Structures are given as C-alpha cells and as structure tokens.
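Heads up: the structure comes next, in structure tokens.
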Amino acid sequence: MCKDCAKSDLALLEPVFAEFEGDRHALVTILQRAQEIYGYLPTDVVYRIAERQGVSPAKVLGVATFYSQFRLKPVGKNLILLCKGTACHVNGADSIAAALMDELGIGDGGTTEDGMFSLKEVACLGCCSLSPVMMINETAYGSLTPQKARDIVRKIAAEGASS
Amino acid sequence: MRIVVGEGSCGLAAGAGKVHAALAKLGADVGITGCIGMCYLEPIVDLYDGALVARLVRVQESDAERVFKAAESGDLSGVEDLKIPAEDEEFLAKQTRIALRHCGIIDPESLDAYRAADGYKAIAKILGVDGGPGMTPEQVIEEIKTSGLAGRGGAGFPTWFKWNAARNAKGDEKYLICNADEGDPGAFMDRAVIESDPHSLVEGMLIAAYAIGASQAFVYVRAEYPLAIVRLQKAIRDAEEAGLLGDGILGTGFSCRLRIKAGAGAFVCGEETALIESLEGNRGMPRLKPPFPAEKGYTDKPSNINNVETFANVAWIVLNGGAAFSAMGTETSKGTKVFALTGKIRRGGLVEVPMGLTLRDVIFGIGGGVRDGRRFKAVQMGGPSGGCIPESLLDTPIDYKALGATGAIMGSGGMVVMDDSTCMVNMARFFLDFTAKESCGKCVHCRIGTKRLHETLVRITEGRGRDGDVELLEELCKGIKDGALCGLGQTAPNPVLTTIRYFRDEYDAHIRERRCPAHECAALRTFSIDAAKCKGCTACAKKCPAGAIAGSLRNPHAIDASKCVKCGACAATCRFGAVEVL
C-alpha cells in the first residue's frame, strides 16, 4: 500500500461484504455500493475489496476504470451530469457545456475549488424530449438554454452558501 | 373525479412532482401513472370518472387549485385552457400500442392495477391455473414463432429461434437475461416501459423463463435510470409476495427468481456477450462468437438475452394469439415497433406504430414535422450503429430489410430528426467521438480504427480537410466493418458511410471550400455586422472575448476578422439580429 493513500473507514464495507459473501460475480455491484458509501473509490477501499474478493488490486482497478460510473477521485457536493446524447447534441448541448464550464471554471470531469460542483458529460440520460438536459443530484433539468443552465447552478450555489 | 398525474422521468423533470405535491396539499386524492409518450406536453394530469374525462397538459404548480376545484365539482370550465388540443390527440389516435399498452394508463406501482388490466393472465393461461389446459414450453415457443416477434433491441433476430436454441441447449441450469442497458443515445422506450409498466416486463420474462427452462433471471438496467430501478424493485417485491415470482409460482411446480443488476455505464455492454461479462463482475468486453450465449452464456451456462421491449410484447401475444400480432406489419417485419421521436421535431415523444408505416407517416403524420418552421434535412436511426436517412427516402417503410437497404438500421428505435441547421459532417464526428470513447479496446480495428475516423472527421470540421479524405474515410470504414470483433465496431462506420452517401456535397464544401453549409462548424463560420441593423449599443463589443469588435456608442460596429475567434458570443448577445453568421 502506498503511504499517501486515503485513510478510509473500512469498517463501513463490512455489511456489503456480508451481503455478497461467496458471490464471486458481485464485483461491479460491490464497487457501486462502495462508491455510494464513500462518494468515490479511494485506493485503500480498492485494496480492501481486492483482498476480500480474492482477486488482485489490478483486477479491481481494471473493472473500476472500465465503467464510466466509477470515480477514483472525490466529487463535489453537487454532481452535474450533462447529457451529450444525440438529441441534446442536435439541440445545442455544446453551448450548454460551454456555459457551464465558463460559469464554474472547470472542464469535463473537473471539480470546483470550493468543492461545490463537479461536472461530468454523459452519453444519454434518456430524457431526450427535454433536450438539452442536465441532471444534478438525480434531478433532471430540461429545455436548457446557456442562461438557464447558469441560473440553475447559481441558485444551487446560493442555497448551498446560505444553508 | 379522480386526479392522475403522469410521473415518468420526463414528466417529473417537467415538474410533475411539484404539481402532485401541490394537489395533495389541497387534500386531493392523487393517483400516479407512467409515461403516455407525449413528452412535449408534460406535465400531464388526467381526470377520471370511471373512464378518462379530460387530459390536461402543461399543468404547472400554480394551476393546482383550479384543477382540484374542477375535479371536485365536475365542472371543467375552469380548466378549459389546459385541455389537450384536438390536433395533439391525433398523436395517440394514430398509434397502435402493444408494448406500451399500459403506459400512461395504469399505476406502475400497483400490482392490482396491472392485474385489473389483464395482468398475469398470460402466465396463468400457460401454467393452466385459469381453468384451461395450460401450454407446454414448446407450445409457447410455437406461439411466439407464429407471431413473428423479432428482437427489438436492434438486431431484429427472431425471438422464438433464440428461445428454442436455449431450450434445446444441454444443461439443467439455464439463465434468462433482460437487456435493459439502453445505451443508444436518443432512445428511451425501455426506460419508459420499466417506469410505466414494470409488471409487463416481469410477466414477459416469466413466460420466457418457462419456455426455455430457466429458474434464474436477471434484469441488467442502466444505473442512469434510478426511477426505473426503484419501480422494478417494487414490482418484483409485490410479485413475490403475491406468489407470482419465486418458488412454486401460482401453486404450480414452476419456479423463477428475478434479480436486478445495475449496469455501471458502458455502451458496449448492450452487446450480449459483453453484458454477460459485466454480469459476472468483469470488464464488459465482448467474447468471440460462437459459442453463442444459448450454448455458453452466464457462467458458461445456456443463457438467453432479450431486450425490454421484446419482453413487453410477450404477454400480449400469449393472450391474443401470435396470429393477431403477425397480422400487423410487413412480409419481413411483424407487429408494432416503438420509436423515440426527438431532435428538431414538433411533437416529440414515444410512439408505437405497426411495421410498414413509412418514416414520413411517423415524422410528419404523428410527430408534426420539423419545428420552428425550418426545413427537414435527415432523420438519424439506430444511434451510433445506424445512419442518417435523407428526405428523398422518407417514404421508406418501417421494416428491418427496407431500412437496412438505406444504410441505416431499425436499431432500438431512436429517431432523431435534424433540420437544415445540423451539419452532417459534424453529426458523423459526434457519433465517432462517442464510439471511439466507448470502444472497449479489445480488438485493433475498432480501438484504433474509430480513433482514426474521429481524427479525420475533426480535421474536416475544423477546416483542415484534405483532398482524398473522403476516400480515406471509406477505406477505414471498410476495414473496421470487416475486422471488428463485435457489433459495436462492425456498425460504428455506419454514421460516416451514410452521411458520405447522402450528403457528400457537405463533405466537399468543408474540404474544398472551407465552408460549413449548415453554419454549425465553429471554425468555418464567419461573423459580420449588418451596419443597417446595428444600433451601436456596444453589447457585442463588451462580450467579445478577443476584442475583435470596434465601434462607438450609437454608431455601427464592425468585426475585425483577423482577431475574431469565431465563438459566436456576439451573435448570441445582439438583440437586433445585426450579427450575420455565414
């Protein structure tokens, strides 16, 4: 183990291991649960999962990096999923992306310095009739314009600052 | 009157949840239903008095009080303006709904509601617990064969053939898998079915499990569909409690367990062998076929995989007979198909129509054509594996063979409509950006081929195209089609090939004239200010990040082309339409 690794509370994983004990096909599901617990997949968590599943850390990391859902770095308090699907593309998703990146000062996959927002472009959220769409913390915002996208983010930031 | 709010993902995103809460606060007894498919009219509120009395559309939170009053008193005069316009009623009237038969009508969270709509009668008929003789697995497969049902996920392979192969495969332990990893951008019918009618998926899967002899079943759902997962979980729990799932179903010897596995975001997992790898907890990389999953699938046991929409048709076929299903459609394509109409369409949403209708019938007849008074250019079908079909081919019937002949495919049913503001070269670039990112990397042709295609397309859209680029693209496409291991790679060139085939002039304009006919490619646009329209408000000059706009207050401004970075900020800022984009 590296000396700079995160020191996560690994005890939180025990109920997950208990639920999937003996199931050698559960790696993806276990990683999903772990990410729900920690918000991302810290290195020490990856190592612990490898140890308990009886596979190499390389195998766990291989799976974690294959799927777009998994994150190896912490995300901001509010995760913005910006849809770049076909319908959104046709309806101007690029201009929404540009507006959000300008507003937040981050790129795709980035997190703002204050840890309030992370931005991630995704393939399709399946709300095509509302395109262009973004989803923030599982709430979908549709029929966006660059200005509307900025306003939504500003509103969330203001609510976060006052709470 | 009973108030029912449409609460699929689209409805909720449009504000249905707020409308529901506001109505409930007023003391109304509010029911829910799924997605009726008219996404462009959400949020939708239905008023029932036994039967549907009125459908109210684009209902806002602020309308809650008058909707409540109307429902209480039965006097609808206060909500006249919210009633669905007559022309929009055509949207539903022109459809034939089988897979979507309950969507937007019944409460998706209620087992009783599904049962009241003939739910679980098909499985009862098969198991012979409805007083009838029951059906053998062979008879079920025969009925599906009669129906002509083909895989609705894209490939269009006959469903009965797959079931039969899995049934005849050696082994006691067999698996049934539902592919709900709806990955094609622009398609969302599977999400709508699970959110709006989860029990029809469960029943369809039970029938398939009985037919092939499986006692274990999985639904592999995209993690991006949280509401679908929640509703399916509830449906499974309710069905288990009612003895419709688990051991000894309906008191017979038939047992089947159903579990949900959430996907983790990888387009390639829509490919069946990659999906199996993912179910096993591995990187979702396709396996070589043969052996096919029917022989060696999940944990090397015989497995059968079908898509959500396919399963959603099954109970209807068993109850109404395969012949009733095959009576609809064409020689080579039977029954109905669901399409997700999106893009620059006036009436976007989910439509289900009999095979054999033309693309024009669907796009113009039901969808109302292109919105904002613009001109139709093309429709993209089949997502990243499909192609763009031009206006001249709009009379092509919806049929696996006829659509295949255009270079596009039926696919899972995404129909993205484009108008004259969409650049077809940029469209091809968009899809190759997608497939290059989603390529799993296992085979060279796909991993490197899609990357090279993407690079070439980027070069063309950025005005650095070279003579011979189109031929280079065609050569690469052929190599990838011939050499790639799985469906993702083999079909990835389709968006490039169809745009070259039908829109070659746009490629040539980009390469030879450094011009984007649709004015979409940023690097090829030029901006100028019409002095006659410019009021000299200075707004554009203030917005320009490059300081390329000069001019004084109340005098026409001008853009210095040598400084312009072509960002378009001036055009977006100008309130007088004075910035011309060419």
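Just one residue in the set B:T252, B:T273, B:T330 is surrounded by 19 or more Cβ atoms within 10 Å (Cβ to Cβ), modelled with pLDDT of 95 or more and away from chain A (no Cβ under 12 Å); that residue is B:T273.
Yes/no matrix, rows are residues, columns are (1) touching a Phe, Trp or Tyr at 6+ places or on another chain (Cβ under 8 Å); (2) within 14 Å of chain A (Cβ to nearest Cβ); (3) assigned to a helix (DSSP H, G or I); (4) not charged (D, E, K, R):
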residue	(1), (2), (3), (4)
B:I3	yes, no, no, yes
B:G11	no, yes, yes, yes
B:V19	no, no, yes, yes
B:A24	no, no, yes, yes
B:A28	yes, no, no, yes
B:L47	no, no, no, yes
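Does A:S143 satisfy the condition of being more than 30 Å from B:V268 (Cβ to Cβ), of a type in the set (S, T, N, Q), touching a helix residue (DSSP H, G or I) at 6+ places or on another chain (Cβ under 7 Å) and not assigned by TED's automatic domain parsing to the domain that holds A:L41? It is true that A:S143 is more than 30 Å from B:V268 (Cβ to Cβ), of a type in the set (S, T, N, Q), touching a helix residue (DSSP H, G or I) at 6+ places or on another chain (Cβ under 7 Å) and not assigned by TED's automatic domain parsing to the domain that holds A:L41.
Of all residue pairs spaced 6 or more apart or on separate chains, those with beta-carbon atoms under 7 Å, a first member in the stretch B:261-276 that is of a type in the set (S, T, N, Q) and a second member that is crowded, with 24+ Cβ neighbours inside 10 Å and assigned to a loop (DSSP other than H, G, I, E, B) are B:T273/B:P286; B:T273/B:P293. Within the stretch B:386-438, restricting attention to residues that are within 12 Å of chain A (Cβ to nearest Cβ) and of a type in the set (S, T, Y), the residue that is surrounded by the fewest Cβ atoms within 10 Å (Cβ to Cβ) is B:S421. The residues of the stretch B:278-306 that are under 27 Å from the mean Cα position of the chain (by Cα), surrounded by 21 or more Cβ atoms within 10 Å (Cβ to Cβ) and more than 8 Å from chain A (Cβ to nearest Cβ), listed by number, are B:P286, B:P293, B:A294, B:G297, B:Y298, B:S303, B:N304, B:I305, B:N306. Among the residues examined, B:I144 qualifies as under 30 Å from B:T33 (Cβ atoms), of a type in the set (A, V, I, L, M, F, W, C), part of a helix (DSSP H, G or I) and out of contact with any strand residue (DSSP E or B) (no Cβ under 8 Å at 6 or more places or on another chain). Which of the residues spanning the stretch B:516-552 are over 30 Å from B:V458 (Cβ atoms), touching a Lys or Arg at 6+ places or on another chain (Cβ under 9 Å) and among the hydrophobic types (A, V, I, L, M, F, W, C)? Within the stretch B:516-552, B:C537, B:A539 meet the criteria. Scanning the stretch B:544-563 for residues that are under 17 Å from B:R575 (Cβ atoms), free of Cβ contacts under 8 Å to residues at least 24 places away in the same chain and within 47 Å of the chain's Cα centre (by Cα) turns up just one, B:I549. Of the helices (runs of 4 or more DSSP H) lying entirely inside the stretch B:368-470, those containing at least 3 residues that are farther than 30 Å from B:V353 by Cα and modelled with pLDDT of 95 or more span B:424-438, B:444-461.
Here B:R237 clears all of (1) in a helix (DSSP H, G or I); (2) more than 14 Å from chain A (Cβ to nearest Cβ); (3) in contact with a helix residue (DSSP H, G or I) (Cβ under 9 Å, 6 or more places away or on another chain) except the condition numbered (3).
Could you say whether any residue in the stretch B:197-214 is within 14 Å of chain A (Cβ to nearest Cβ), within 25 Å of B:G34 (Cα to Cα), outside any strand (DSSP E or B) and of a type in the set (S, T, N, Q)? No, that holds for no residue. Looking only at residues of the stretch B:30-45 that are more than 14 Å from chain A (Cβ to nearest Cβ) and either touching a Leu at 6+ places or on another chain (Cβ under 6 Å) or in a helix (DSSP H, G or I) (or both), we find that the one that is nearest to B:R97 (Cα to Cα) is B:V45.
For the stretch A:7-92, give me every one of the helices (runs of 4 or more DSSP H) that falls completely inside it and has 3 or more residues that are within 13 Å of the chain's Cα centre (by Cα) and either among the aromatic types (F, W, Y) or not assigned by TED's automatic domain parsing to the domain that holds A:T111 (or both). Break it down stepwise before answering.
Numbers: elements: A:14-19, A:27-38, A:43-53, A:57-66, A:86-90.
In the stretch A:7-92, the matching helices (runs of 4 or more DSSP H) lie at A:27-38.
Of all the residues in the stretch B:179-188, those that are modelled with pLDDT of 95 or more and within 14 Å of chain A (Cβ to nearest Cβ) number 1.
Looking at the stretch B:32-47, which of the residues that are touching a helix residue (DSSP H, G or I) at 6+ places or on another chain (Cβ under 9 Å) and not hydrophobic (A, V, I, L, M, F, W, C) is surrounded by the fewest Cβ atoms within 10 Å (Cβ to Cβ)?
Our first condition is that a residue be touching a helix residue (DSSP H, G or I) at 6+ places or on another chain (Cβ under 9 Å); within the stretch B:32-47, this holds for B:32-45, B:47.
Then keep just the ones that are not hydrophobic (A, V, I, L, M, F, W, C); that gives B:33-34, B:37, B:40, B:42-43.
Details: B:T33: 26, B:G34: 28, B:G37: 31, B:Y40: 23, B:E42: 27, B:P43: 25.
Taking the candidates together, the pick is B:Y40.
The values are calculated or read from the model by the stated rules, or taken from the named source; none is laboratory data. Quick caveat, the model's predicted, so the values are computed rather than measured. Reconstructed Cβ throughout: ideal geometry from the backbone, glycine too, with neighbour counts over all protein chains shown.
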